[in-house]
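Working notes for the structure below.
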Amino acid sequence: FAVLALASCVLALGDSPNVLVVTDANIKDTLAAHENIIIDFYAPWCGHCKKLAPEYDRAADLLKEQGSKAVLAKVDATENR
């Protein structure tokens with residue numbers, strides 16, 4: 001069970017369907033369902049977050065296309081604690 005939490009940022013705009021959206025309500029189930037997951041904690045107002053978002057989406061899409069067991073997820077840190 002590997003979890004890597006990034007205290008960086010991803011914007012909720014331009015969402016890839018391959019980036020899981022994690023909330024307070026689903027975090028335990030999400031962690032239980034995925035053995036290898038990277039979770040990015042972002043703030044919607046963050047300029048760095050906005051810049052990273054399309055790259056994060058592309059990485060999630062690439063993982064899915066290649067059949068990887070690893071998944072990317074994101075948490076809006078302003079809404080979920």
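Each reported figure results from applying straightforward, stated rules to the coordinates on display, with no laboratory input. Given the structure is predicted, the values throughout are model-derived calculations rather than measurements. When we count neighbours, we look across all protein chains shown, and the Cβ atoms used for this are built from the backbone with ideal geometry, even at glycine.
Residue by residue, segment 65-70 carries 3J(HN,Hα) couplings of 4, 8, x, 5, 7, 7 Hz when phi is fed to the Karplus relation 6.51 cos²θ - 1.76 cosθ + 1.60 (θ = phi - 60°); x denotes Gly or Pro.
Between the beta carbons of His48 and Asn80, assuming R0 = 25 Å, the FRET efficiency works out to 0.85 to the nearest 0.05. If you sort the three axes of the alpha carbon gyration tensor as a ≥ b ≥ c, you get a/c of 1.5 or more for segment 23-81 and a/b no higher than b/c, which makes it oblate.
Between Ala70 and Lys28, the modelled label-to-label distance comes to 2.8 nm, taking each label 7 Å out from Cα in the direction of the beta carbon.
Highest mean packing first, where packing is the average number of other Cβ atoms within 10 Å per residue, the peptides 30-39, 68-77 line up as 68-77, 30-39. Each residue of segment 32-45 is assigned a 3J(HN,Hα), and the resulting list reads 5, 7, 10, 5, 10, 9, 10, 10, 9, 9, 10, 10, x, 8 Hz, derived from the Karplus form 6.51 cos²θ - 1.76 cosθ + 1.60 (θ = phi - 60°), x at Gly and Pro.
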